[in-house]
Amino acid sequence: MASVIIREPEHSDRSGLIAVYGSEGFFDYSPSRLDLEIVAATVDAYLIEFVSAPASIIFYVADLNSELAGFSIARKTAQATWEVQAGVHFDHRKQGIGTALLAKVFTQVHSRGPAVCEAIVHAGNLGSIKMVSPFFQEHGEFEGLPGFLRFRSSW
Ligand SMILES: CC(C)(COP(=O)(O)OP(=O)(O)OC[C@H]1O[C@@H](n2cnc3c(N)ncnc32)[C@H](O)[C@@H]1OP(=O)(O)O)[C@@H](O)C(=O)NCCC(=O)NCCS
């Protein structure tokens, strides 16, 4: 694996996070393709939530020689379920960075007590399926969104 540091995000990571979302193929398997304005607003919301409501969000970034290579986020929904997502810049994929980011999020999620954890992934998103599978106990069709799978664990 590339030599990366997985750490908590800082406000100065904003442009790097936006660049990850903007990198090639990021939204290939998403239900919708977000424009730059919405991506920036989403990143801002996550960074604000990380500071103002740390009980409901777990957030890590991958720092590769001072370049922001990816992120992982778990957010607690109203149903007390952690929803997990991760993204890695196109230039740095398939080097184990996504797996390292998820491992860090899962260590933290487990440390916060009994919970349900989920990830929703398009059935054609082979990279993501391969990345998330080792972290979840089960998966099946996601009835809420045709063509998507729901990975799930509880403890
Ligand atoms: C999904 C994503 C985060 C994976 O990041 P990554 O850093 O490339 O993941 P890893 O390098 O840890 O790869 C994990 C495994 O998947 C495999 N893999 C990664 N991308 C793949 C692809 N496109 N096709 C097939 N296998 C792939 C890797 O080879 C690795 O397998 P291994 O454990 O046998 O070596 C990245 O492709 C991405 O950001 N995609 C766009 C956003 C997205 O779909 N996010 C997922 C929502 S949860």
**OP:** Take the chain, compute every pairwise Cα distance, and split them into 5 Å bins from 0; I just need the percent in each bin.
**Re:** 2, 9, 19, 23, 23, 17, 7, 1, 0
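Please work out whether the stretch 8-80 counts as rounded, prolate or oblate from its C-alpha gyration tensor, where a ≥ b ≥ c are the square roots of the eigenvalues and a/c under 1.5 means rounded, while otherwise a/b larger than b/c means prolate and anything else oblate? Each step should come with its number before you reach the end.
Values: a/c = 1.72, a/b = 1.16, b/c = 1.48.
Note, shape of the stretch 8-80 comes out oblate.
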Original post:
If you take the square roots of the eigenvalues of the alpha-carbon gyration tensor of the stretch 96-145 and sort them as a ≥ b ≥ c, do you get rounded (a/c under 1.5), prolate (a/b over b/c) or oblate?
Top reply: oblate
Original post:
Hey, rough spin-label estimate for R75 and L36, points 7 angstrom out along Cα→Cβ, what's it come to in nanometres?
Top reply: 2.3
**OP:** Under a cut-off of 19 Å between alpha-carbon atoms, report the aspartates and glutamates in cross-link reach of K104, not counting same-chain residues fewer than 8 places apart.
**Re:** E8, E10, D13, E49, D63, E67, E83, E118
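Could you tell me what percent of the DSSP beta bridges with both partners in the chain are antiparallel, to the nearest 5? Could the numbers behind the result be given before it?
Working: 29 of 32 bridges.
Looking only at bridges with both residues in the chain, the antiparallel portion is about 90 percent.
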Subject >> Mean accessible surface per residue for the stretch 32-81, computed with a 1.4 Å probe while every protein chain stays in place, in Å² >> reply: 51
Subject >> Cross-link partners of K130 among aspartates and glutamates (Cα-Cα below 14 Å; sequence separation of 8 or more within a chain) >> reply: E138
Original post:
Round to a whole number: what % of the accessible area of the chain belongs to carbon and sulfur, probe 1.4 Å?
Top reply: 53
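The values are calculated or read from the model by the stated rules, or taken from the named source; none is laboratory data. Note that the structure is predicted; figures quoted are calculated from it, not measured. Using ideal geometry, Cβ is built from the backbone for each residue, glycine included, and neighbour counts are taken over all protein chains shown. What goes into the accessible areas is simple: the full protein's heavy atoms, side chains included, and nothing from ligands, DNA or RNA. Shrake-Rupley method; radii C 1.70, N 1.55, O 1.52, S 1.80 Å.
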